[in-house]
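Here the structure comes first, spelled out in structure tokens, and everything after it is commentary.
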Amino acid sequence: MEDMVGPRLYSCCNCRNQVALHDDVISKSFQGRNGRAFLFSHAMNIMVGPKEDRQLMTGLHTVFDVYCCDCREVLGWKYERAYEETQKYKEGKFILEKSKIVKENW
């Protein structure tokens, strides 16, 4: 029976649209705008807003806000560019705020 359950997912807290796979979590120790956030290697069923430079806790980054493609809830952001050499590993990755996502198939 356990084999019939799909992969563990994260969904939008507002409309339950699936936005990320648990297997794509890189770190659970990030800080979002509203508290704890997770760093993901990939996200799905999302849209990105305009690119902007933003001063974050770890320095200046170029980011896009990330929205649920169904309900338009802001879920976090995508890193486009990190200006600090030690932060380059974040480029192309996604921050999803814990308060904006819910677990599915756990």
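Sorted largest first by accessible area at a 1.4 angstrom probe radius, with every protein chain in place, the residues MET47, MET57 fall in the order MET57, MET47. Isolated cysteines in the chain, defined as those with no second cysteine Cβ under 4.7 Å, comprise CYS13, CYS69.
Here the contact order of the chain, divided by its residue count and restricted to Cα pairs under 8 Å and six or more residues apart, works out to 30 percent.
A simple spin-label model places pseudo-atoms 7 Å from Cα toward Cβ; at MET47 and ARG16 they are separated by 2.3 nm. Taking the Cα centre of the chain as origin and assigning +1 to Lys and Arg Cβ atoms and -1 to Asp and Glu Cβ atoms, the resulting dipole is close to 280 debye. Ranking ALA43, VAL74, ASN105 by Cα position along the charge dipole of the range 42-106, where only Lys, Arg, Asp and Glu carry charges on their C-beta atoms, puts ASN105 farthest toward the positive end.
May I ask you to order 89-98, 7-16 by the average number of other C-beta atoms within 10 Å around their residues, highest value first? Provide the component values of the computation, followed by the final result.
Details: 89-98: 18.8, 7-16: 16.9.
So the order, starting with the most tightly packed, is 89-98, 7-16.
Going by the alpha-carbon gyration tensor, a ≥ b ≥ c the square roots of its eigenvalues, is the chain rounded (a/c under 1.5) or, if a/c is not under 1.5, prolate (a/b greater than b/c) versus oblate? The shape class here is prolate.
Scanning residues 5 or more positions from ASN17 or on other chains, those with amide H under 5 Å from its amide H are CYS12, with H placed 1.01 Å from N in the peptide plane.
Evaluate E = 1/(1 + (r/R0)^6) for VAL74 and ASN105, where r is the Cβ-Cβ distance and R0 equals 30 Å; express this FRET efficiency to the nearest 0.05.
Working: r = 24 Å, r/R0 = 0.80.
After rounding, the FRET efficiency stands at 0.80.
The values are calculated or read from the model by the stated rules, or taken from the named source; none is laboratory data. Since this is a predicted model, take the numbers as computed values, not measurements. No Cβ is skipped: glycine too gets one built from the backbone with ideal geometry, and neighbour counts run over all protein chains shown. Please note that ligands, DNA and RNA were not included when accessible areas were found on the heavy atoms of the full protein model with its side chains. Shrake-Rupley method; radii C 1.70, N 1.55, O 1.52, S 1.80 Å.
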